[in-house]
Structures are given as C-alpha cells and as structure tokens.
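Colleague: I'd like to ask you about the structure that follows.
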Amino acid sequence: MRELLTELTSNKEIKLGILTGNSLWRAEAKLESAKLDQYFRDENGQLMGAFGNESEERDGLIEIAKNRLGKPGDTQILVDDFLIGAEMAERHNISAVMVATGTSSVEELSAHVSHVFPDFGEERWREAADLIKRL
C-alpha cells in the first residue's frame, strides 16, 4: 500500500483523502500506527476526509468527502478492501479500485465493482496506480 500511496501522491492532479467509519481520532491513531498518515494530511497537518462520527449513515460520508476533497466535476475514486465500500461505490456511481485483502473475496467485490485486485503484491500496486490515473 505504501508504494501505491507514494506513487499517487507524486501526481499533483491526485488528491488523497480518507473515508472511514472510524472517528477522526481513531482513524488518525490507526494511520499513525501504520505510518500512513502523512499521505492524507493537508498543508496544515490535518487529516483530510470524512469520518464516521460525522454522519449517522456511512453513505453520508460520500458527500462529505466529495465536498472536502474536491470541486464539482472532479473524479472521485474509492480504494477499499471491504464489501461496504464496493456497495457504496456502486450505489453512488463512483469508480472504485478494490483489493481483496480484507474479509471480502475477489468474487464478492467483483459483484459490485469492475476493478478488483487480489492484493497489491508482485507489482500489482503499479497496475492499480496506472488504473487510478486513467480513471
């Protein structure tokens, strides 16, 4: 994942953010412990995205993230490993790149979205990065 995030942040046209069911403080703690938080911080050091404590419904986070991270006409791409993410992308007609490293299988994720990777090993992260740049 680190290679994918590094590649994506090197492209100035791509803005990364978090959409999570976790609260801001929990998301921050998880990202910091994995040393991934720097990919999702703005110039003031704030985590960018939408967090579980901001909407009673997970789907409500989609609009919050869109408003915070982009402007009208921007393309949003959800990268996730959970079935709930694939289902949200499908419901909201958002492009998604899924990776089956969570509890959901390739088959389960593929039932909702077109772009599913078994994992990002063996340089598959490069394929994912190229796909995201094309979407």
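Values quoted throughout were computed directly from the atomic coordinates according to the rules given, and no laboratory measurement underlies them. Remember, it's a predicted structure, so these values are computed and weren't measured experimentally. Ideal geometry is used to build each Cβ from the backbone, glycine not excepted, and the neighbour counts take in all protein chains shown.
Colleague: So which GluC sites (Glu not before Pro) in the stretch 14-80 end up in coil per DSSP with only 14 or fewer other C-beta atoms within 10 Å?
Modeller: Working: sites: 28, 32, 43, 54, 56, 57, 63; in loops: 43, 56, 57.
Those that pass, being in a loop and sparsely packed, are 43, 56, 57.
Colleague: In a Gaussian network model over the chain where Cα atoms closer than 10 Å are linked, find which of 74, 119, 37 has the largest mean-square fluctuation.
Modeller: Looking only at 74, 119, 37, the biggest GNM fluctuation is shown by 74.
Colleague: In Å, the Kirkwood hydrodynamic radius of the stretch 83-135 over pairs of distinct alpha carbons?
Modeller: On the way: mean 1/r = 0.0895 Å⁻¹.
That comes to 11.2 Å for the stretch 83-135.
Colleague: Lysine pairs, Cα distance under 19 Å, 8 or more residues apart or cross-chain: how many in the chain?
Modeller: 9
Colleague: While we're here: Match the structure shown to one of the listed values (i) 59, 37, 26; (ii) 32, 32, 31; (iii) 36, 32, 32 of Cα extents along the principal axes in Å, computed from it, and give that label.
Modeller: (iii)
Colleague: Now for a different question. At most 12 other Cβ atoms within 10 Å and a DSSP loop assignment: could you name the trypsin sites (Lys or Arg not before Pro) in the stretch 8-87 that fit? Could the numbers behind the result be given before it?
Modeller: Working: sites: 12, 15, 26, 30, 35, 41, 58, 66, 68; in loops: 12, 15, 35, 58.
The qualifying sites are 12, 35.
Colleague: With a cut-off of 8 Å between alpha carbons and a minimum separation of six or more residues, what is the relative contact order of the chain in percent?
Modeller: Values: 182 pairs, mean separation 26.5, N = 135.
About 20 percent, as a whole number.
Colleague: Summing -39500 (n - 2.57) over the DSSP H runs of n ≥ 4 in the chain and dividing by its residue number, what mean residue ellipticity at 222 nm do you reach, to the nearest 500 deg cm²/dmol? Provide the component values of the computation, followed by the final result.
Modeller: On the way: 6 runs with 53 residues, N = 135.
Rounded to the nearest 500, it is -11000 deg cm²/dmol.
Colleague: Quick one: Karplus J couplings for the stretch 119-130, per residue in order, coefficients 6.51, -1.76, 1.60, θ = phi - 60°, nearest Hz, x for Gly and Pro?
Modeller: So the Karplus estimates, Gly and Pro as x, are 5, 10, x, 6, 6, 5, 4, 5, 4, 5, 4, 4 Hz.
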